[in-house]
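The values are calculated or read from the model by the stated rules, or taken from the named source; none is laboratory data. Given the structure is predicted, the values throughout are model-derived calculations rather than measurements. Cβ placement follows ideal geometry from the backbone for every residue including glycine, while neighbour counts extend to all protein chains displayed. Ligands, DNA and RNA are excluded from the accessible area calculation, which covers all protein heavy atoms including side chains. Shrake-Rupley method; radii C 1.70, N 1.55, O 1.52, S 1.80 Å.
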Amino acid sequence: MEKNNVPVHVSIIMDGNGRWAQERGLERVRGHVEGVESVRSCTEAAAEAGVKYLSLYAFSEENWSRPQQEVEALMAMMVKAMVQEMDNFMENRIRFVVLGHRSRLGDSLNQAIDEAMAQTADNDGMTLIVFLSYSGKWDILEAAKKFAAAAAASRDPEKFIASMDMDGFGNYLCTAGIPDPDLIIRTSGEQRISNYLLWQAAYTEFVFPETLWPDFRKPQFLAALDTYAKRDRRYGKVK
Ligand code: IPE
Ligand code: IPE
Ligand code: MG
C-alpha cells in the first residue's frame, strides 16, 4: 500500500459476530470472543500503516437491550481483554481511551478502564479508542446540555450562545480533541450507521466489506485502506 493518503483516523463498526457464530452452530458469545483476535490484528495493522487514531464501536446504547446473558458475557470479556492487552499497549506505546455513557457500566469495568487509561495516558504512539455504551444521539444531547449549562453560567448568556460555532460546539462532544474519522469501516455487509458518530461523520468516507468481524484481519483492514486511498474527498467543493 502507498504510504501517502493514509487516513489519520480510522473507525470500525465491528459487526457480524453473532452471524459468524451462528454459521458454525456456536453460541453468539463465541463470535465476540473470536472478534477480540480481529481487534488485535487490526490494531497492529493500523499502527504499522501509520494510522494515528483507531476507534472501535464495541457496544451501543441500544445493545443494552440484548439478552442479559449476552450483555454480561460482553462486559466480562471487555474487562478481561483490557487487562490482557496492557503489556501490548505499553510495548507499542498505544494510548488507550474509552468513550461513552460510562455511568451505565459496572464498577469493575469502570475501574479497569480508569486504570488502563491512566497507565497509557503518556504513550505517544497510536491512540486506540473504544466506544462503549455509546450512541451519537447521546453524545450530541450531552453536549447540548453541557453547552446550555455553560451558557447559563456565563456572564452574558446571549453573547455566549450567539458566538458559538461548529468547532466550538464540537468541543462539548466526548470526542473533543480527536479529529473526525476519515474512514469508517462497517463489517458484515450492513450499510447503516446504527447511531454511531452522527456529528463527527459529516464528511467521513465509508466502506462496507461483506466480511464478518471475526474474519476481518490485517489483509482485510489493509484492503479498506487501499479503497480509501483511491477516494476523492471534495467536502462539497468543486475541484
Ligand atoms: C457486533 O456483532 C458486536 C456487538 C454489537 C456487540 P453482533 O453481535 O451485532 O453480530 P450480528 O450482527 O448479530 O451478526
Ligand atoms: C452496531 O451493531 C453496534 C456495534 C457494532 C457495537 P448492531 O448489530 O448493534 O447494529 P444493528 O442493530 O444491526 O443496527
Ligand atoms: Mg450486529
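Observations
- Residues satisfying the stated conditions in region 14-26, i.e. open to solvent by 70 Å² or more (accessible area, probe 1.4 Å) and within 16 Å of ligand 2 (Cβ to nearest atom): R19, Q22, E23
- Checking V71 against (1) among the hydrophobic types (A, V, I, L, M, F, W, C); (2) in contact (Cβ under 8 Å) with a residue 12 or more places away in the chain; (3) open to solvent by less than 40 Å² (accessible area, probe 1.4 Å), the condition it does not meet: (2)
- Test: residue in region 179-199 that is farther than 30 Å from W20 by Cβ and open to solvent by 30 Å² or more (accessible area, probe 1.4 Å): yes
- Of the residues making up region 53-65, those that are farther than 20 Å from N110 by Cβ and surrounded by fewer than 17 Cβ atoms within 10 Å (Cβ to Cβ) number 2.
- The sole residue among V29, V36 that is surrounded by fewer than 20 Cβ atoms within 10 Å (Cβ to Cβ), away from ligand 2 (no atom under 14 Å from the Cβ) and not in a strand (DSSP E or B) is V29.
- With respect to being surrounded by 15 or more Cβ atoms within 10 Å (Cβ to Cβ), under 24 Å from I140 (Cβ atoms) and aliphatic (A, V, I, L, M), M77 falls outside the description.
- In region 74-96, residue nearest to ligand 1 (Cβ to nearest atom) [restricted to those that are closer than 15 Å to T127 by Cα and touching a residue at least 40 places away in the same chain (Cβ under 8 Å)]: E85
- The set of residues in region 39-60 that are within 17 Å of L99 (Cβ to Cβ), hydroxyl-bearing (S, T, Y) and more than 16 Å from ligand 2 (Cβ to nearest atom) comprises T43, Y53.
- Qualifying residue in region 96-110 (condition: open to solvent by less than 40 Å² (accessible area, probe 1.4 Å) and part of a helix (DSSP H, G or I)): yes
- All conditions in (1) touching a His at 6+ places or on another chain (Cβ under 7 Å); (2) closer than 30 Å to G50 by Cα; (3) not hydroxyl-bearing (S, T, Y) hold for W138, with the sole exception of (2).
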